[in-house]
Amino acid sequence: MKSFMANKTPYFFIAPALILLTLFSILPIFVALIISFTDLDLVGIADWSSISFVGIENYKEVVSDPIFVKSILNTLFYVVFGVPLVIVCSLGIALLINFGKARIFKAFRVVFYMPSITNVVAVAVVWSYLYNPQLGLFNYVLEFLHLPPVPWLQDPTMAKVSLIALALWRAIGLNMIIFLAALQGIPKTYYEAAQLDGANNWQQMFKITIPLLRYAIFFVSITTMIGWLQFFEEPFVMTNGGPLDSTTSVALFIYRNGFQFSNFGYAAAGSFILFIAIIIITMIQFKLQKKGQDY
């Protein structure tokens, strides 16, 4: 009996986590998959007998929906420009704070981390003023420099760039903390040995620091990529997908169809396409990571 309990004890400890994971993560995925093959709407929630099985019709309609196609292109725009910017800026700031000698660099940790814990609605209020075409601070600075005003949220392309700038400002803090933790885990002896061999700061950076940060960079790139593929809060709060759906992301498209138009089956089909895309991109990143050589 004692040996039986000893063998089963680890399962008792992990059971609560497994139960919660199953109930709130895995089970909803299967439910969403089933819903994606139906025409479920608000009436269907109250009366299940009104729900019809439509097969893959939702998927056919979603992939031929011009707004969904546009949301995919918008999301790709966010990912292509947003992910590298977040990684480079977070890493650059983490390096400055870690190797900075002055005490002010310690305060910068709080300064750069604050946006990531600030409520997005409060952020949107402030940035809406900054982006205001008539009263905004950015256009005021441009006018002071004798430059023409910029339609920050009114031009389709400029609106996407403006949302990327806002999301970049919010995303730097958390990733900076991850890079700082990784930087402080690098043994000082590596740098001391390199200095004895005559290596300058740039050589230490590219021969020691960056290679030893590659797992942190990989982790940040994975999580940042997934976050940008699910880009939702900024376009929803700042532009609601406008102008002319130029800032509509896939996540916002799913939200509209599910919770504004009550077309749950259609929204579930879109969410599953996004889910599969995230899995494929993540697997590609893991595959590329395995090809790397150990340092």
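The values are calculated or read from the model by the stated rules, or taken from the named source; none is laboratory data. Quantities reported herein were computed from a predicted structural model and do not represent experimental measurements. Neighbour counts run over all protein chains shown; Cβ positions are idealised from the backbone, glycine included. Calculation scope for accessible area: heavy atoms of the full protein, side chains included, ligands and nucleic acids excluded. Shrake-Rupley method; radii C 1.70, N 1.55, O 1.52, S 1.80 Å.
For the reader, a short list of remarks on this structure follows.
- Comparison of Ile210, Ile186 shows that the only residue that is touching a Leu at 6+ places or on another chain (Cβ under 7 Å), closer than 29 Å to Lys106 by Cβ and free of Cβ contacts under 8 Å to residues at least 60 places away in the same chain is Ile186.
- Just one residue in the set Leu18, Leu91 is open to solvent by 80 Å² or more (accessible area, probe 1.4 Å) and out of contact with any Asp or Glu (no Cβ under 8 Å at 6 or more places or on another chain); that residue is Leu18.
- Applying the criterion of at least 2 residues that are open to solvent by 30 Å² or more (accessible area, probe 1.4 Å) and of a type in the set (Ser, Thr, Tyr) to the helices (runs of 4 or more DSSP H) found wholly in segment 117-220 leaves 120-131, 188-196.
A quick yes/no check of all residues on (1) under 28 Å from Gln285 (Cα atoms); (2) at pLDDT 85 or above; (3) of a type in the set (Ser, Thr, Tyr); (4) open to solvent by 50 Å² or more (accessible area, probe 1.4 Å):
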position: Thr22; (1), (2), (3), (4): yes, yes, yes, yes
position: Ile34; (1), (2), (3), (4): no, yes, no, yes
position: Ser49; (1), (2), (3), (4): no, no, yes, yes
position: Ile56; (1), (2), (3), (4): no, yes, no, yes
position: Val62; (1), (2), (3), (4): yes, yes, no, no
position: Tyr78; (1), (2), (3), (4): yes, yes, yes, no
position: Phe81; (1), (2), (3), (4): yes, yes, no, yes
position: Arg109; (1), (2), (3), (4): no, no, no, yes
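- Taking the criterion of being more than 13 Å from Glu61 (Cα to Cα), over 20 Å from the mean Cα position of the chain (by Cα) and in contact (Cβ under 8 Å) with a residue 40 or more places away in the chain, the residues of segment 254-271 that qualify are Ser262, Phe264.
- Test result for Phe253, part of a helix (DSSP H, G or I), buried (at least 19 other Cβ atoms within 10 Å of the Cβ) and aromatic (Phe, Trp, Tyr): yes
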